[in-house]
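Chemist: I'd like to ask some things about the structure below.
The values are calculated or read from the model by the stated rules, or taken from the named source; none is laboratory data. Small disclaimer: the values here were computed from a predicted structure and weren't measured. Cβ atoms come from the backbone with ideal geometry, glycine included; neighbour counts cover every protein chain shown. Accessible surface is based on the protein model in full, side chains and every heavy atom, while ligands, DNA and RNA are left aside. Shrake-Rupley method; radii C 1.70, N 1.55, O 1.52, S 1.80 Å.
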Protein chains: 4
Amino acid sequence: MTKVGFIGLGVMGTPMAAHLAGAGHDVSGFDLSADALAKLTAAGGRAAADVADAVAEADVVITMLPDHPQVEQVVLAPGGVLDAVKPGTLLADMSTIRPETSIAVAKAGALKGIRVLDAPVSGGQAGAEQAALSIMVGGEADDFEAARPLFEALGKTIVHVGPHGAGQVVKAANQLVVGGIYGLVAEAIVLLEASGVDAGTGLDVLAGGLAGSRILELKRKSMVARQFQPGFRIDLHHKDMGIALAAARQADVALPMTGLVAQLVAAGRAMGYGSLDHSALLKVVEGVSGRTSEEV
Amino acid sequence: MTKVGFIGLGVMGTPMAAHLAGAGHDVSGFDLSADALAKLTAAGGRAAADVADAVAEADVVITMLPDHPQVEQVVLAPGGVLDAVKPGTLLADMSTIRPETSIAVAKAGALKGIRVLDAPVSGGQAGAEQAALSIMVGGEADDFEAARPLFEALGKTIVHVGPHGAGQVVKAANQLVVGGIYGLVAEAIVLLEASGVDAGTGLDVLAGGLAGSRILELKRKSMVARQFQPGFRIDLHHKDMGIALAAARQADVALPMTGLVAQLVAAGRAMGYGSLDHSALLKVVEGVSGRTSEEV
Amino acid sequence: MTKVGFIGLGVMGTPMAAHLAGAGHDVSGFDLSADALAKLTAAGGRAAADVADAVAEADVVITMLPDHPQVEQVVLAPGGVLDAVKPGTLLADMSTIRPETSIAVAKAGALKGIRVLDAPVSGGQAGAEQAALSIMVGGEADDFEAARPLFEALGKTIVHVGPHGAGQVVKAANQLVVGGIYGLVAEAIVLLEASGVDAGTGLDVLAGGLAGSRILELKRKSMVARQFQPGFRIDLHHKDMGIALAAARQADVALPMTGLVAQLVAAGRAMGYGSLDHSALLKVVEGVSGRTSEEV
Amino acid sequence: MTKVGFIGLGVMGTPMAAHLAGAGHDVSGFDLSADALAKLTAAGGRAAADVADAVAEADVVITMLPDHPQVEQVVLAPGGVLDAVKPGTLLADMSTIRPETSIAVAKAGALKGIRVLDAPVSGGQAGAEQAALSIMVGGEADDFEAARPLFEALGKTIVHVGPHGAGQVVKAANQLVVGGIYGLVAEAIVLLEASGVDAGTGLDVLAGGLAGSRILELKRKSMVARQFQPGFRIDLHHKDMGIALAAARQADVALPMTGLVAQLVAAGRAMGYGSLDHSALLKVVEGVSGRTSEEV
């Protein structure tokens, strides 16, 4: 039994906190939404009055927040997590944010004797609900081992990938590859259909060979049928492509395909498809090719 | 037992013709290389004196040639296959060429009563040697069924994907996706390494999730180790990206990622890596990021 | 007075042939269009019965054709220009085609004692009508000097840029820069407008500094006003981007921006703007940014 | 005579502050560099002890800082400019930063009765030294008119382009166009040279037609000669491309060419050319094309 302070009870954080409470941990949570707090109570956790109340007695604090400004506010700002916790507390920030912010948080924590991990996840809402997330962890090996039992209540693939920020870098690499494969599959579909070839048949062949991918396996039928219920929204992938570009800038590397994929995802959002699944990159490629389709 | 005329006994055609002979078919082959003809004889085939001699008595003609100019020369030019065969012969062109040339060959064949299939393959030299090719076939369904027994001696995945040219379109779609995934994985590796993250560990995580692909499965270890023995050479992929762009132009679609992938593959060739495996796209991304690596 | 055979009397060729006739040359022209032949006669030229008739007595043959297949047909095919002219004739192909075809034509000409220049033009229909074309000439210096008086009746900037094919390479370089600047200006306009900045005012500033260009000077007002009457049609620029990519392939270089510009121009055509001025690349960038505008 | 507080005396700020002092204004300046303060004193200004000392009595404050974190620190942080000035002071931030920061500064100023302009410049060090900058100003028209006499001591083209942030947006648009044209010219040069065409001759033709630009006019000779002394360093252009992408993200538009240009500029920096002139994008395109050149 671990005392867990959990900040950020959105579509990801709510089921994650519930899994921790269900596994017998003592979970104090906080979120600005009263609804979210009620769900936490119903799942066996305690609704805290504010951030400080949620984390003051915690052994481990988990934050699951939208982006780096929220992490800076909740963790670094005066009265935030770093001010409110006991020395020796372990902070696992499971938000997906820029590596440089994760590194800054780790440095700020170290000055106060707080151990920090960056531990972004993939697997989306479904993965959170089914405790089947992949968790990519950056930070010290000892801290990773200390947090592992909690992570095991949340996910299936739990990997220590390197030093502070490394979790975010791996997540960024994951998202650039995922976004890029969606774009490539979209271009394949548009080429096949515009050439008078049945896209389903064509993609079946691709899926069985060197072009095969998890995305082709899971999404080729829905893409050809123009079914784009999320899943993972283009708006969120747009945020993640921004992180990938920021990580590239931080690492001083040039990533030409990532630069273009970021603009295609931005186009998806700008064209009004931000709330569709990221497989709706197909609608961007259709758009530039003057082809229109009806979502089923 | 089918009488097969086989034109083009290169690294692909030689094992393919041998498989056909081994399966009991009567194979007459032609190539400009005396060595290639000797190999055919050793495999149980007959070395023909020229194209006309190879195909004059054939029920089925198979061509396996480098690119569209060779197909135009061997098939369409005066004295070529269409002039030399009996009416009713079935021509399966297994070369990877532009869809528009396949369609033109089919039309020219139809005028002379010659049935034509386009049947490009994927799987490379290893696939040809192990009779494990994927074969993507465009043309009439009856003709596909007629050729199927021969194809089954050459490959494992044999799919009729649509009308004349459809095989080439599917092959083009396959190659643009494969090239693109190599580029994306290369960018992931460069980002990970430049950020101080162990690329092998990071790619293991990617391979297990939505970013997973056949390429990550088969090639991530060799890419991280900078082992680029082909496999499938960048020079050949460069040719195939030209076909993909030509197919897009023919279909009047815009494929932004394909346009960029084509230039990255062209860069691989221009930078002197044309004879390396196409996974050596990694060296292009390293080059633009000022990172150098030694091939092991 | 020079005897000129002129093949290809389209929107460019018709005024060009008329200028030559008007300058006192003896022009025999041929085109499949009877209308075009009538215009030539009206301008003081002679309507020939076929290609051979047009060129048989010529000192200089000028061809002005849509693309390389037409040049191959008219010049290289049996009965074409090379078969019909006298040895020593000078052939100036003013079509915009791939450099490799220009080189092939020059080689074929050399075998028959025919001197060949590639001499593509820029300046469009207006330039042709006003005898104000820019003419980029590849081939031997002596042949260039021999043709110069004719070129001076057609254009204002007449430059010998290098050996056979060099004219086409310079034209290709010109078109990739022009297409790219249109794309960049389009992105500037979309960024300014979407940010609530008056695009006209913003572009005025750009036009006065290092971002300045002939295109900003001539077209910024019409682009902001969404006036896209050609000028030079996107369909033609699409053809020219294909030539630029073919030239890059021939020269074994990678041109990343050209690869993308080619797809943006292809998008313009695919989206239905092929008959608009190439400045309508703005509509492509607007499209991917979910912004729509009415052409005035 | 205006009392001016000037913060940021780098390669741009030092000559700018000197021009203001030379025009008879009462300039109090601050910078962390003692050298810079000495230069200000030599130019007739007063070396202030800190930011507050520099701005406390000022009528107009000018900030000329590297990027948005410095602006946030100097202007917004406790004890910064907004805390130290008198109500009614006019703050002209001439730094090149993200539009969203300029807007945030303007809002923070408004809360304290401070009038704010964003007024980024182009023209580089030479423009600063010669008082020949272009100044793009966002904010209220009255405030622009109030600051105009000071701007006229610094630049030649002074334009009020719109509301708060508009100056930054125009600067961003300028930089994406400039970076893009360098890339296009670089690709033209590589294509010409690799095709065996004299690049100088070819670019002369381009410069005289629709492909013409200020960059071709000023830089084509130095680019062909591989002379890359700055001018404006790639490192700075890399920063500016980040701003352009941030502005696009803020405005919710997709800019495909800008996305690619940003990566090409990043490549220039990553390849080690960060301190060369931005025309050294040529070295990036040469690099991907396997072509090397010696800087003269």
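Chemist: What whole number of Å gives the distance from the Cα centroid of region C:84-145 to the Cα centroid of region C:152-179?
Modeler: Their Cα centres are 11 Å away from one another.
Chemist: Can you give the FRET efficiency for D:Lys86 and D:Asp50, using 1/(1 + (r/R0)^6), R0 = 22 Å, r = Cβ-Cβ distance, to the nearest 0.05?
Modeler: Efficiency, from the Cβ-Cβ distance: 0.85.
Chemist: Something else now. Between A:Ala92, A:Ala251, A:Ala147, which gets the highest mean-square fluctuation from a Gaussian network model of chain A, Cα cutoff 10 Å?
Modeler: Result: A:Ala251 has the largest fluctuation of those listed.
Chemist: Report the dimensions of chain A along its three principal axes from the alpha-carbon atoms, largest first, rounded to Å.
Modeler: The principal-axis extents, from largest down, are 65, 44, 33 Å.
Chemist: Where nothing but the Cβ of Lys and Arg (+1) and of Asp and Glu (-1) is charged, how large is the charge dipole of region B:3-163 around its Cα centre, in debye to the nearest 20?
Modeler: It works out to roughly 120 debye.
Chemist: Simple spin-label model, 7 Å along Cα-to-Cβ: A:Val11 to B:Gln229 in nm?
Modeler: Distance between the two pseudo-spin positions: 4.8 nm.
Chemist: In what sequence, largest accessible area first, do B:Phe151, A:Phe232 appear using a 1.4 Å probe?
Modeler: A:Phe232, B:Phe151
Chemist: Still on this structure, please answer the following. Over region C:169-288, what per residue volume does the convex hull of the Cα atoms give, in whole Å³?
Modeler: 101
Chemist: Using r as the Cβ-Cβ distance of C:Ala132 and C:Ala207, and R0 as 30 Å, what FRET efficiency do you calculate, to the nearest 0.05?
Modeler: 0.85
Chemist: Then there's this: Could you give the length gained on full extension between A:Leu111 and A:Ser275, defined as 0.36 nm per residue of separation minus the Cα-Cα distance, in nm?
Modeler: 55.0 nm
Chemist: Let me ask something else about it. Given springs between every Cα pair under 10 Å in a Gaussian network model of chain D, which of D:Met257, D:Met64, D:Met241 has the largest fluctuation?
Modeler: D:Met257
Chemist: Taking the Cα centre of the protein assembly as shown as origin, work out the dipole magnitude from +1 charges on Lys and Arg Cβ and -1 charges on Asp and Glu Cβ, in debye rounded to 20.
Modeler: Here the protein assembly as shown has a charge dipole of around 0 debye.
Chemist: Classify region A:3-163 as rounded, prolate or oblate, taking a ≥ b ≥ c as the square roots of the eigenvalues of its Cα gyration tensor: rounded when a/c is under 1.5, otherwise prolate if a/b is larger than b/c and oblate if not.
Modeler: Judged from the Cα gyration tensor, region A:3-163 comes out rounded (a/c under 1.5).
Chemist: Out of all DSSP beta bridges with both ends in region C:3-164, state the antiparallel percent to the nearest 5.
Modeler: Among the beta bridges of region C:3-164, antiparallel pairing accounts for roughly 10 percent.
Chemist: Could you check the spin-label model distance between C:Ser222 and A:Ala42? Points 7 Å from the Cα along Cα→Cβ, value in nm.
Modeler: It is 6.4 nm.
Chemist: Among the helices of chain C (complete DSSP H runs), which have Cα atoms covering no less than 30 Å along the helix axis and a Kyte-Doolittle mean of at least 0.5?
Modeler: C:166-194
Chemist: Give the long-range amide H neighbours of C:Gly155: residues separated by 5 or more places, or on another chain, with amide H under 5 Å away, using H modelled in the peptide plane at 1.01 Å from N.
Modeler: For C:Gly155, the qualifying residues are C:Leu133.
Chemist: Given a 1.4 angstrom probe, what's the average accessible area per residue across chain D, in square angstrom?
Modeler: With all protein chains present, chain D gives 34 Å² per residue.
Chemist: Would you mind telling me the antiparallel percentage of the DSSP bridges in the protein assembly as shown, rounded to 5?
Modeler: If we restrict to bridges inside the protein assembly as shown, about 15 percent are antiparallel.
Chemist: Ok, one more. With only Lys, Arg, Asp and Glu charged, each at its Cβ (+1 for the first two, -1 for the last two), find how big the charge dipole of region D:169-288 is about the Cα centre; round to the nearest 20 debye.
Modeler: With Lys and Arg at +1 and Asp and Glu at -1, about 320 debye.
Chemist: May I ask you to list the GluC sites (Glu not before Pro) in region A:225-296 that are in a DSSP loop and have at most 10 other Cβ atoms within 10 Å of their Cβ?
Modeler: The qualifying sites are A:Glu294.
Chemist: Next up: Let me have the relative contact order for region B:228-296, percent, based on Cα pairs under 8 Å that are six or more residues apart.
Modeler: Relative contact order for region B:228-296 comes out at 45 percent.
Chemist: Taking 8 Å as the Cα distance limit and 6 or more residues as the minimum spacing, I'd like the relative contact order of region A:169-288 as a percentage.
Modeler: In percent, rounded to a whole number, it is 39.
Chemist: Next question, about the same structure. For chains B and C, what's the summed buried accessible area, probe 1.4 Å, to the nearest 100 square angstrom?
Modeler: About 1400 Å² of accessible surface is lost on pairing.
Chemist: Let me ask something else about it. If amide hydrogens are placed 1.01 Å from N in the peptide plane, which non-local residues have theirs closer than 5 Å to the one on A:Phe6?
Modeler: Placed amide hydrogens put A:Ser28, A:Gly29, A:Phe30, A:Ile62 under 5 Å from A:Phe6.
Chemist: Just give the residues from region D:241-263 buried by at least 30 square angstrom of accessible area in the all-chains context relative to the isolated chain, probe 1.4 Å, and say none if nothing qualifies.
Modeler: So the qualifying set is D:Leu245, D:Arg249, D:Ala251, D:Asp252, D:Val253, D:Ala254, D:Leu255, D:Pro256, D:Met257, D:Leu260, D:Gln263.
Chemist: Tell me, what ³J(HN,Hα) does each residue in region A:74-79 have, in order and in whole Hz, if you take phi through Karplus 6.51 cos²θ - 1.76 cosθ + 1.60 with θ = phi - 60° and put x for Gly and Pro?
Modeler: 6, 9, 8, 5, x, x
Chemist: Now, a different point. In the protein assembly as shown, how does Rg compare with the Kirkwood Rh, expressed as the Rg/Rh ratio over alpha carbon atoms?
Modeler: With Rg and the Kirkwood Rh in hand, the quotient comes to 1.01.
Chemist: Then there's this: Counting only C-alpha contacts under 8 Å and six or more residues apart, can you give the relative contact order of region D:62-124 as a whole percent?
Modeler: Relative contact order of region D:62-124: 37 percent.
Chemist: How much of the accessible area of region B:58-126, in percent, comes from carbon and sulfur atoms when a 1.4 Å probe is used?
Modeler: 58
Chemist: In peptide D:209-222, how many Cβ atoms from other protein chains are near each Cβ within 10 Å, on average?
Modeler: Partner-chain Cβ atoms within 10 Å, mean over residues of D:209-222: 6.
Chemist: Once amide H atoms are placed 1.01 Å from N in the peptide plane, what residues at a sequence separation of 5 or more from B:Gly162, or on another chain, have their amide H within under 5 Å of its amide H?
Modeler: Here B:Gly139 satisfy the definition.
Chemist: Related question: 222 nm [θ] for chain C, helices only, -39500 (n - 2.57) per DSSP H run of 4+, per residue, to 500?
Modeler: The per-residue figure over chain C is -15500 deg cm²/dmol.
Chemist: For chain B, with a Gaussian network of springs between Cα atoms less than 10 Å apart, report the residue from B:Ala141, B:Ala247, B:Ala128 with the top mean-square fluctuation.
Modeler: Result for chain B, Cα springs under 10 Å: B:Ala141 fluctuates most.
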